[in-house]
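Structure, as structure tokens:
Coordinate-derived values only; no laboratory data. The model shown is predicted, which means the values in this text are computed figures rather than measured ones. Note that we place each Cβ from the backbone using ideal geometry, even for glycine, and neighbour counts take in every protein chain shown.
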Amino acid sequence: MGVSVSTLRALEAGEPGVSMGSLAMALLSLGILSRLDDLGDLGQDDIGLLMDIDALPQRVRLRSPRISADESAELPVSSEPKGTLL
């Protein structure tokens, strides 16, 4: 395979520091190099898709429309005080 024993052990342990070239050589040695294409296919990543769904907001609140200064001048003004106590 052309890699050291420590690299092979790291590859088997799933350590992230192993190069893609070493992974490709291991897959080629096992006769399953075609599985390398599946690594980059986001549609095949069930856990990643579930994580994306969980990250979506539960509820979206719409902003109230902003009123310009010209529009606010046209609004009627109430003379009654707000929140009067009885």
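Think of region 1-55 as a dipole: +1 on every Lys or Arg Cβ, -1 on every Asp or Glu Cβ, centred on the Cα centre; then among 43, 6, 33, 6 lies furthest on the positive end.
FRET efficiency for the pair residue 13 and residue 38, taken as 1/(1 + (r/R0)^6) with r the Cβ-Cβ distance and R0 = 22 Å, rounds to 0.60. Indicate the gyration tensor shape class of region 1-42 (rounded, prolate or oblate), computed on the Cα atoms with a ≥ b ≥ c the square roots of the eigenvalues: a/c under 1.5 is rounded; otherwise a/b larger than b/c is prolate and the rest oblate. Judged from the Cα gyration tensor, region 1-42 comes out oblate (a/c at least 1.5, b/c at or above a/b).
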